[in-house]
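Structure first, commentary second.
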Amino acid sequence: MTDKRILIVDDSPTMRQLIAFALKWLPNVEILEANDGVEALKKLSGERFDLIFTDINMPVMDGLKLVSLVRSDPALSAIPIAIISTEGAVEDRERALALGANDYITKPIQAARVFAVARELLGIS
């Protein structure tokens, strides 16, 4: 039985795999993937998600645009969002959090950090 659904949004299949691997130890979680913000919005419009992990730098629609669109949609605005990005600068982190991201993880990712952020944002003890 699946209690929680997580959407991983990244244009790199390898990065999506790494994030999914870090999350597979969470109990009763289903993980879905999207290549970019546009594909993510399509999935979000038709399905329920409990958490979004998104990259910032992606073609078509970047992660910051995705965050702002999710936050401005009343049906989606409560979904926690964690940014995973190579952009480690303080300004990038502050901009993402100001747009409504709940957390910000800098690449290279550590599985334990991804796992901890997911547990916190999903409210899994």
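General remarks:
- Taking a point 7 Å out from the Cα of residue 119 in the direction of its Cβ, the residues of the range 1-27 whose backbone N falls within less than 13 Å of it are 23-27.
- Of the trypsin sites (Lys or Arg not before Pro) found in the range 38-125, the ones in coil according to DSSP and having at most 10 other Cβ atoms within 10 Å of their Cβ are 48.
- Dipole magnitude of the chain about its Cα centre (Cβ charges: Lys, Arg +1; Asp, Glu -1), debye to nearest 20: 280
- Derived scalar couplings ³J(HN,Hα) [the range 108-125; Karplus, 6.51 cos²θ - 1.76 cosθ + 1.60; whole Hz; x for Gly, Pro]: x, 6, 10, 3, 5, 5, 4, 4, 5, 5, 4, 4, 5, 6, 8, x, 9, 8
- Anchor residue 42: lysines whose Cα lies under 20 Å away (excluding residues fewer than 8 positions away in-chain): 4, 65
- Viscosity 1.567 mPa s, 4 °C: Kirkwood-radius Stokes-Einstein D of the chain over Cα pairs, µm²/s: 92
- Centroid-to-centroid separation of the range 6-29 and the range 87-112 [C-alpha atoms, Å]: 17
No value in this document is a laboratory result; all are computed from the given coordinates. Fair warning: this is a prediction, and the values are worked out from it, not measured in the lab. Methodologically, a virtual Cβ is constructed for each residue, glycine included, from the backbone with ideal geometry; neighbour enumeration extends over all protein chains shown.
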